[in-house]
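Notes for the one structure printed next.
The values are calculated or read from the model by the stated rules, or taken from the named source; none is laboratory data. Remember, it's a predicted structure, so these values are computed and weren't measured experimentally. Please note: Cβ atoms are built from the backbone with ideal geometry, for glycine as well, and neighbour counts cover all protein chains shown.
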Amino acid sequence: MSRNPPAAKSVPPPAAEAMYARHRKVYPREVHGLFATLRVLGASLLLGLFYVTAWLPWDGRQAVLFDLPARKFHVFSLTFWPQDFFYFAWLLIIAALLLFYVTALAGRLWCGYACPQTVWTELFLWMEHKIEGPRNQRIKRDNAAMSASKVRLKSLKHGLWLLLSLYTGFTFVGYFTPIRELTGALAQFDLGPWETFWILFYGLATYGNAGWMREQVCIYMCPYARFQSAMFDKDTLVIAYDDQRGEPRGSRRRALDPHEAGLGECIDCNQCVQVCPTGIDIRDGLQYQCIGCAACIDICNRVMDKMRYPRGLIRYTTEHAVAGHAGRILRPRVIVYTLLLLALTTGLIYAIGQRTALDLDILRDRNSLYRETDNGLIENVYTLKIINMEETPHRYRLAVAAGQSGLTSLRLTKGGLTVAVGAGEVRSLPVVVSVDRHELRQSVNRIEFVIYAEDNRSLQRREVARFLGPVPEDGQ
């Protein structure tokens, strides 16, 4: 009786093995050089702006405060209201175009120098270097058995990471709740539930992203890494390895002439891999994991100096330049991005400069279309919402104009002609507008409400409204 052969063991294909490969921790080596200095300066400036701006005072309030309960957004001398939301949308469009513009010119320059993930990861790595030592010591310690020294250093590092992360969350919430009030509430253990939640949420997010996930955020979570190549062309400035100079690579003594030995100028020291925060080998060509930080350029230039070879084996360049062709900075996409950015930025600055810190909303009474008085007047009832967007109170004068309707008998019969509105106050004012019935030539007429500050005539607003009346007897 024949026996069935045992089932063959399923072996995943190489692609599946790569897809489900276990993550290997990246241990970036500390590097010094021109681009490292620029990254430190950029990170210090951005972190300083974030942590310090929340504490700046301005005219008796916080300089930058997004006051959601009051629906006011203070940015130094400017105060924006929900009606000004389109300015924010406008700014986001400019930011997106600026990102595309920088990418078309210089690749992932944003990722390497200004992205919050990069900035906070740089800070966390700096703390790790100071506490746990250089790269080789960190690798050796992680592979070693647990010891009192290991527990002490790891606890100190993660404790400082957590403190910084929680302070980051605290500062972030301080842009929405006045940070001095938030500090007082924290000192008295009287934080509200929402403030507590968001401080912990953003603090733990910072701790997880910058302390644990690091390059995984850039490689797997950030969508920009996936579509950035659509904005590249052969004249985009990227970090590239010059394989014509470097290959064939191989180790050698410094006194050896590489050309006589049939070698390129790359000594295969792998230091460019060791300093990479995402753990890639730039010598394999342009990869989406590269964030453009230029750490590999700094370390390679140091190696070239020691070997007495020319710098620039790894450098900022273009595909055309590497291939020996002349490059072009002014390309159609760059020109289009430049013109769009100039137009949108100029328009935004002009719009904010011409913005009137006064708004007027007009609501008609929906209970009745109109009413007729005994003396032959047609009346419409409105509720005016006057919004003083300035930080100083004003007394406003109100008027009604016929506009193109030609209603010469148009009058404001009920409701004050002047109204005082406090700083940042919204004032509701019911008014009645009347017209002689015999002057109406149509049932719907366009009129205008005009309001201006008595102490500043430039602070003025005009809004169109509809005046409704009966259908004329002649049917017109």
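Listed here are the residues, each with its yes/no results for (1) at pLDDT below 90; (2) farther than 30 Å from residue 325 by Cα.
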position: 194; (1), (2): no, yes
position: 222; (1), (2): yes, yes
position: 229; (1), (2): yes, no
position: 248; (1), (2): no, no
position: 251; (1), (2): no, yes
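Every residue, every condition in (1) touching an Asp or Glu at 6+ places or on another chain (Cβ under 9 Å); (2) over 30 Å from residue 234 (Cα atoms), yes or no:
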{"position": "95", "(1), (2)": "no, no"}
{"position": "99", "(1), (2)": "no, no"}
{"position": "103", "(1), (2)": "no, no"}
{"position": "106", "(1), (2)": "no, no"}
{"position": "113", "(1), (2)": "no, no"}
{"position": "128", "(1), (2)": "no, yes"}
{"position": "134", "(1), (2)": "yes, yes"}
{"position": "143", "(1), (2)": "no, yes"}
{"position": "146", "(1), (2)": "no, yes"}
Matching entry among 67, 59 (being under 30 Å from residue 161 (Cα atoms) and more than 17 Å from the chain's Cα centre (by Cα)): 67
Meets criteria (assigned by TED's automatic domain parsing to the domain that holds residue 215, among the small types (Gly, Ala, Ser) and under 27 Å from residue 27 (Cβ atoms)) for residue 225: yes
Condition check for residue 70: modelled with pLDDT under 90, closer than 30 Å to residue 358 by Cβ, out of contact with any Lys or Arg (no Cβ under 6 Å at 6 or more places or on another chain) and not in a helix (DSSP H, G or I): yes
Count - residues of region 253-302 that are more than 24 Å from residue 125 (Cα to Cα) and outside any helix (DSSP H, G or I): 18
Candidates 443, 428, filtered to the one that is surrounded by fewer than 12 Cβ atoms within 10 Å (Cβ to Cβ) and of a type in the set (S, T, N, Q): 428
Criterion (within 15 Å of the chain's Cα centre (by Cα) and among the aromatic types (Phe, Trp, Tyr)) met by exactly one of 76, 100: 100
Which listed residue, of 366, 331, 371, is more than 24 Å from the chain's Cα centre (by Cα), modelled with pLDDT under 90 and assigned by TED's automatic domain parsing to the domain that holds residue 399: 366
First in region 390-418 and under 13 Å from residue 449 (Cα atoms), second anywhere and acidic (Asp, Glu), Cβ under 6 Å, 6 or more apart: 397/454; 401/448; 403/448
Residue tally, condition over 14 Å from residue 319 (Cα atoms) and either hydroxyl-bearing (Ser, Thr, Tyr) or in the same structural domain as residue 209 (by TED's automatic domain parsing) (or both), over region 232-283: 2
Count of region 150-161 residues which are more than 17 Å from residue 25 (Cβ to Cβ) and touching a helix residue (DSSP H, G or I) at 6+ places or on another chain (Cβ under 8 Å): 2
Given (1) in a helix (DSSP H, G or I); (2) modelled with pLDDT under 95; (3) not assigned by TED's automatic domain parsing to the domain that holds residue 299; (4) not β-branched (Val, Ile, Thr), number of the condition residue 181 does not satisfy: (2)
Residue match in region 198-209 (condition: in a loop (DSSP other than H, G, I, E, B) and surrounded by fewer than 19 Cβ atoms within 10 Å (Cβ to Cβ)): no
